[in-house]
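Below you'll find the structure, written out as C-alpha coordinates, and then a few comments.
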Amino acid sequence: MAPINWQEPSQTAVTKSSPEVFSSSSSSSNPWFAVSIGLMGVIVGFAIGSWRASNISVAGGSQIAAAPIAPPIAPTAAAQPQPPQPAGKPPAPIDPKADRIRGDLSKAKAALIEYSDFECPFCKRFFPTAKQVLSTYGDKVAFVYRDFPLSFHQNAHKEAEAGRCVFALGGNDAFWKYHDYVFDKTTSNGTGFPLDQLPVAAKQAGVESAKFQTCLDGGKYSKLVDDEETSGGAAGVTGTPGNFVVNLKTNDFKIISGAYPFDTFKTAIDAMLQ
(Lines give C-alpha, C1' and ligand atoms only; values in the text may rest on other atoms or scores of the structure.)
Protein backbone atom coordinates (compact mmCIF):
# COMPACT_ATOMS: atom_id res chain seq x y z
CA MET A 1 0.00 0.00 0.00
CA ALA A 2 1.35 3.37 -1.04
CA PRO A 3 1.39 5.99 1.75
CA ILE A 4 -0.87 8.98 1.70
CA ASN A 5 1.25 11.90 0.63
CA TRP A 6 0.84 15.14 2.62
CA GLN A 7 1.73 18.35 0.85
CA GLU A 8 5.30 19.43 1.39
CA PRO A 9 5.93 23.15 1.88
CA SER A 10 8.37 23.14 -1.07
CA GLN A 11 5.75 21.88 -3.55
CA THR A 12 3.06 24.50 -3.15
CA ALA A 13 3.26 27.92 -1.60
CA VAL A 14 0.81 28.32 1.32
CA THR A 15 0.09 31.63 2.95
CA LYS A 16 0.24 31.92 6.72
CA SER A 17 -3.54 32.25 6.87
CA SER A 18 -4.21 29.15 4.73
CA PRO A 19 -4.88 25.78 6.38
CA GLU A 20 -2.96 22.68 5.32
CA VAL A 21 -4.65 20.59 2.60
CA PHE A 22 -4.09 17.24 0.93
CA SER A 23 -1.84 17.41 -2.16
CA SER A 24 -3.88 17.58 -5.37
CA SER A 25 -0.96 16.21 -7.37
CA SER A 26 -1.20 12.84 -5.65
CA SER A 27 -4.82 12.23 -6.68
CA SER A 28 -3.96 11.02 -10.20
CA SER A 29 -1.15 8.67 -9.13
CA ASN A 30 -2.39 7.33 -5.78
CA PRO A 31 -5.69 5.33 -5.72
CA TRP A 32 -5.85 5.50 -1.94
CA PHE A 33 -6.28 9.25 -2.11
CA ALA A 34 -9.86 8.89 -3.30
CA VAL A 35 -10.59 6.28 -0.67
CA SER A 36 -9.28 8.60 2.04
CA ILE A 37 -11.34 11.50 0.76
CA GLY A 38 -14.41 9.27 0.79
CA LEU A 39 -13.82 8.12 4.33
CA MET A 40 -13.42 11.69 5.55
CA GLY A 41 -16.63 12.63 3.86
CA VAL A 42 -18.48 9.82 5.64
CA ILE A 43 -17.06 10.89 9.02
CA VAL A 44 -17.95 14.55 8.51
CA GLY A 45 -21.40 13.63 7.27
CA PHE A 46 -22.03 11.41 10.27
CA ALA A 47 -20.96 14.19 12.66
CA ILE A 48 -23.26 16.71 11.01
CA GLY A 49 -26.13 14.25 11.06
CA SER A 50 -25.64 13.52 14.76
CA TRP A 51 -25.62 17.21 15.56
CA ARG A 52 -28.84 17.83 13.67
CA ALA A 53 -30.52 14.79 15.24
CA SER A 54 -29.67 16.04 18.71
CA ASN A 55 -31.68 19.21 18.14
CA ILE A 56 -34.82 17.94 16.42
CA SER A 57 -38.26 18.29 17.99
CA VAL A 58 -40.16 15.20 19.05
CA ALA A 59 -43.86 14.57 19.58
CA GLY A 60 -45.36 16.61 22.36
CA GLY A 61 -43.29 19.70 21.62
CA SER A 62 -40.30 18.80 23.81
CA GLN A 63 -36.84 19.22 22.41
CA ILE A 64 -33.90 16.89 22.82
CA ALA A 65 -30.78 18.95 23.06
CA ALA A 66 -27.27 17.65 23.48
CA ALA A 67 -25.64 19.04 26.61
CA PRO A 68 -22.50 21.01 25.87
CA ILE A 69 -19.31 19.35 27.00
CA ALA A 70 -18.32 22.26 29.23
CA PRO A 71 -21.33 24.51 29.79
CA PRO A 72 -20.52 27.99 30.97
CA ILE A 73 -21.47 28.79 34.55
CA ALA A 74 -24.34 31.22 34.48
CA PRO A 75 -23.92 34.17 36.81
CA THR A 76 -26.17 33.83 39.83
CA ALA A 77 -28.47 36.57 40.94
CA ALA A 78 -27.31 38.71 43.81
CA ALA A 79 -28.36 37.29 47.19
CA GLN A 80 -31.51 38.90 48.42
CA PRO A 81 -31.40 40.42 51.90
CA GLN A 82 -32.95 38.09 54.45
CA PRO A 83 -35.57 39.26 56.94
CA PRO A 84 -34.28 39.78 60.47
CA GLN A 85 -34.19 36.52 62.39
CA PRO A 86 -35.96 36.36 65.75
CA ALA A 87 -33.58 36.92 68.66
CA GLY A 88 -35.29 34.26 70.75
CA LYS A 89 -37.84 34.52 73.51
CA PRO A 90 -37.26 36.59 76.62
CA PRO A 91 -36.23 34.67 79.72
CA ALA A 92 -38.80 34.03 82.45
CA PRO A 93 -39.50 37.16 84.51
CA ILE A 94 -37.34 37.61 87.58
CA ASP A 95 -39.05 36.45 90.76
CA PRO A 96 -37.48 38.03 93.87
CA LYS A 97 -38.69 35.11 95.99
CA ALA A 98 -37.55 32.27 93.75
CA ASP A 99 -34.53 33.68 91.92
CA ARG A 100 -31.01 33.88 93.35
CA ILE A 101 -30.14 37.57 92.91
CA ARG A 102 -26.91 39.43 93.48
CA GLY A 103 -27.42 43.16 93.75
CA ASP A 104 -30.41 45.33 94.57
CA LEU A 105 -33.18 44.46 92.15
CA SER A 106 -35.34 47.36 93.40
CA LYS A 107 -32.71 49.86 92.25
CA ALA A 108 -31.42 48.09 89.16
CA LYS A 109 -32.28 49.26 85.67
CA ALA A 110 -30.91 46.17 83.95
CA ALA A 111 -30.26 42.56 84.84
CA LEU A 112 -27.69 40.02 83.75
CA ILE A 113 -29.33 36.59 83.86
CA GLU A 114 -27.06 33.56 83.56
CA TYR A 115 -28.26 30.02 82.87
CA SER A 116 -25.35 28.10 84.28
CA ASP A 117 -23.79 24.73 85.14
CA PHE A 118 -21.48 24.35 88.15
CA GLU A 119 -19.36 21.86 86.18
CA CYS A 120 -19.07 23.95 83.01
CA PRO A 121 -15.51 25.23 82.45
CA PHE A 122 -16.84 28.21 80.50
CA CYS A 123 -19.17 29.12 83.38
CA LYS A 124 -16.15 29.03 85.67
CA ARG A 125 -14.38 31.34 83.23
CA PHE A 126 -17.42 33.65 83.18
CA PHE A 127 -17.57 33.83 86.99
CA PRO A 128 -15.04 36.72 87.35
CA THR A 129 -16.67 38.54 84.41
CA ALA A 130 -20.02 38.57 86.22
CA LYS A 131 -18.32 39.95 89.33
CA GLN A 132 -16.69 42.64 87.20
CA VAL A 133 -20.10 43.64 85.84
CA LEU A 134 -21.41 44.10 89.38
CA SER A 135 -18.39 46.06 90.58
CA THR A 136 -18.54 48.31 87.49
CA TYR A 137 -22.27 49.11 87.47
CA GLY A 138 -23.13 48.89 91.17
CA ASP A 139 -26.87 49.19 91.81
CA LYS A 140 -27.64 49.77 88.13
CA VAL A 141 -27.34 46.06 87.30
CA ALA A 142 -28.51 42.96 89.19
CA PHE A 143 -27.11 39.48 88.53
CA VAL A 144 -29.45 36.47 88.47
CA TYR A 145 -28.22 32.86 88.57
CA ARG A 146 -30.36 30.10 87.07
CA ASP A 147 -29.68 26.38 86.74
CA PHE A 148 -28.97 24.71 83.42
CA PRO A 149 -27.03 21.52 84.30
CA LEU A 150 -25.83 19.75 81.19
CA SER A 151 -26.57 16.03 81.00
CA PHE A 152 -22.97 15.06 80.22
CA HIS A 153 -21.65 16.75 83.38
CA GLN A 154 -22.16 13.97 85.90
CA ASN A 155 -22.22 16.04 89.11
CA ALA A 156 -23.86 19.20 87.76
CA HIS A 157 -27.48 18.34 88.50
CA LYS A 158 -26.79 17.35 92.11
CA GLU A 159 -24.70 20.49 92.63
CA ALA A 160 -27.63 22.54 91.30
CA GLU A 161 -29.97 20.78 93.73
CA ALA A 162 -27.53 21.48 96.56
CA GLY A 163 -27.54 25.15 95.62
CA ARG A 164 -31.32 25.18 95.86
CA CYS A 165 -31.18 23.54 99.28
CA VAL A 166 -28.69 26.12 100.51
CA PHE A 167 -30.90 28.92 99.19
CA ALA A 168 -34.00 27.47 100.87
CA LEU A 169 -32.23 26.94 104.22
CA GLY A 170 -29.94 29.98 104.35
CA GLY A 171 -31.37 32.55 101.97
CA ASN A 172 -29.86 34.59 99.17
CA ASP A 173 -26.56 35.45 100.87
CA ALA A 174 -25.93 31.80 101.75
CA PHE A 175 -26.51 30.75 98.16
CA TRP A 176 -23.94 33.19 96.81
CA LYS A 177 -21.36 31.95 99.32
CA TYR A 178 -22.08 28.42 98.09
CA HIS A 179 -21.93 29.59 94.46
CA ASP A 180 -18.55 31.25 94.88
CA TYR A 181 -17.09 28.36 96.87
CA VAL A 182 -18.05 25.71 94.30
CA PHE A 183 -16.80 27.71 91.32
CA ASP A 184 -13.60 28.50 93.15
CA LYS A 185 -12.92 24.84 94.03
CA THR A 186 -14.21 22.93 90.99
CA THR A 187 -11.93 21.82 88.17
CA SER A 188 -15.05 21.42 85.98
CA ASN A 189 -15.81 19.00 83.14
CA GLY A 190 -18.27 16.78 84.96
CA THR A 191 -16.80 15.71 88.28
CA GLY A 192 -14.61 18.69 89.13
CA PHE A 193 -16.28 19.16 92.50
CA PRO A 194 -16.78 15.86 94.38
CA LEU A 195 -20.31 15.26 95.59
CA ASP A 196 -19.08 14.23 99.00
CA GLN A 197 -17.79 17.79 99.41
CA LEU A 198 -21.21 19.37 98.98
CA PRO A 199 -21.88 19.34 102.75
CA VAL A 200 -18.58 21.19 103.18
CA ALA A 201 -19.72 23.82 100.68
CA ALA A 202 -23.05 24.14 102.50
CA LYS A 203 -21.27 24.53 105.83
CA GLN A 204 -19.04 27.23 104.33
CA ALA A 205 -22.26 29.00 103.32
CA GLY A 206 -23.54 28.88 106.91
CA VAL A 207 -26.17 26.17 106.49
CA GLU A 208 -26.77 23.47 109.09
CA SER A 209 -25.28 20.24 107.78
CA ALA A 210 -28.01 17.83 108.92
CA LYS A 211 -30.85 19.82 107.38
CA PHE A 212 -28.85 20.30 104.20
CA GLN A 213 -28.18 16.59 103.88
CA THR A 214 -31.83 15.72 104.41
CA CYS A 215 -32.86 18.20 101.72
CA LEU A 216 -30.27 16.94 99.24
CA ASP A 217 -30.85 13.23 99.83
CA GLY A 218 -34.60 13.64 99.46
CA GLY A 219 -34.27 15.26 96.01
CA LYS A 220 -36.62 18.02 97.13
CA TYR A 221 -35.51 20.46 94.42
CA SER A 222 -34.71 18.05 91.60
CA LYS A 223 -37.86 18.95 89.64
CA LEU A 224 -37.35 22.67 90.21
CA VAL A 225 -33.87 22.40 88.67
CA ASP A 226 -35.36 20.53 85.69
CA ASP A 227 -38.10 23.12 85.29
CA GLU A 228 -35.62 25.98 85.32
CA GLU A 229 -33.54 24.26 82.67
CA THR A 230 -36.64 23.72 80.54
CA SER A 231 -37.52 27.39 80.91
CA GLY A 232 -34.06 28.36 79.74
CA GLY A 233 -34.33 26.08 76.73
CA ALA A 234 -37.66 27.68 75.82
CA ALA A 235 -35.91 31.06 75.83
CA GLY A 236 -33.27 29.81 73.40
CA VAL A 237 -30.51 28.56 75.70
CA THR A 238 -28.67 25.63 74.11
CA GLY A 239 -25.46 25.67 76.14
CA THR A 240 -23.76 27.29 79.10
CA PRO A 241 -23.28 29.98 80.05
CA GLY A 242 -26.47 31.20 78.42
CA ASN A 243 -26.64 34.91 79.25
CA PHE A 244 -29.36 37.51 78.87
CA VAL A 245 -28.96 41.25 79.34
CA VAL A 246 -32.43 42.61 80.11
CA ASN A 247 -33.81 46.13 80.44
CA LEU A 248 -36.02 45.83 83.51
CA LYS A 249 -38.32 48.64 82.42
CA THR A 250 -38.91 47.82 78.75
CA ASN A 251 -38.11 44.08 78.89
CA ASP A 252 -35.85 44.50 75.87
CA PHE A 253 -33.12 41.89 75.96
CA LYS A 254 -30.02 40.60 74.25
CA ILE A 255 -28.74 37.03 74.28
CA ILE A 256 -24.99 36.55 74.74
CA SER A 257 -24.23 32.84 74.55
CA GLY A 258 -20.81 32.01 75.92
CA ALA A 259 -18.06 33.25 78.19
CA TYR A 260 -17.34 36.45 76.29
CA PRO A 261 -15.02 39.05 77.80
CA PHE A 262 -16.26 41.94 79.91
CA ASP A 263 -16.25 44.45 77.03
CA THR A 264 -18.89 42.44 75.17
CA PHE A 265 -21.23 42.60 78.15
CA LYS A 266 -20.41 46.25 78.76
CA THR A 267 -21.52 47.14 75.24
CA ALA A 268 -24.83 45.32 75.69
CA ILE A 269 -25.46 46.70 79.17
CA ASP A 270 -24.66 50.26 78.14
CA ALA A 271 -27.19 49.95 75.33
CA MET A 272 -29.84 48.72 77.77
CA LEU A 273 -29.16 51.57 80.20
CA GLN A 274 -29.68 54.31 77.63
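Elements of the type helices (runs of 4 or more DSSP H) sitting completely within segment 169-242 and holding at least 1 residues that are within 30 Å of K89 (Cβ to Cβ): these cover 222-234.
Considering only residues in segment 89-98 that are modelled with pLDDT of 95 or more, under 15 Å from F244 (Cα atoms) and in contact with a helix residue (DSSP H, G or I) (Cβ under 9 Å, 6 or more places away or on another chain), the one that is surrounded by the most Cβ atoms within 10 Å (Cβ to Cβ) turns out to be P91. Here the condition is being of a type in the set (A, V, I, L, M, F, W, C) and assigned to a helix (DSSP H, G or I); of A130, A142, it holds for A130 alone. There is at least one residue in segment 212-219 that is out of contact with any helix residue (DSSP H, G or I) (no Cβ under 8 Å at 6 or more places or on another chain), of a type in the set (D, E) and free of Cβ contacts under 8 Å to residues at least 60 places away in the same chain. Evaluate the following for T186: is it closer than 14 Å to D117 by Cβ and in contact with a His (Cβ under 9 Å, 6 or more places away or on another chain)? No. Taken over segment 95-127, residues that are outside any strand (DSSP E or B) and either free of Cβ contacts under 8 Å to residues at least 60 places away in the same chain or closer than 22 Å to V166 by Cβ (or both) amount to 18. Here the condition is being exposed (fewer than 15 other Cβ atoms within 10 Å of the Cβ), of a type in the set (G, A, S) and modelled with pLDDT of 95 or more; of G171, G163, G192, it holds for G171 alone.
Scanning segment 198-254 for residues that are in contact with a strand residue (DSSP E or B) (Cβ under 6 Å, 6 or more places away or on another chain) and among the polar types (S, T, N, Q), we see that the one that is surrounded by the fewest Cβ atoms within 10 Å (Cβ to Cβ) is N247.
The values are calculated or read from the model by the stated rules, or taken from the named source; none is laboratory data. The shown structure was predicted, so the numbers you read here are calculated from the model rather than taken from an experiment. Cβ sites come from the backbone with ideal geometry, for glycine too, and all protein chains shown count toward neighbours.
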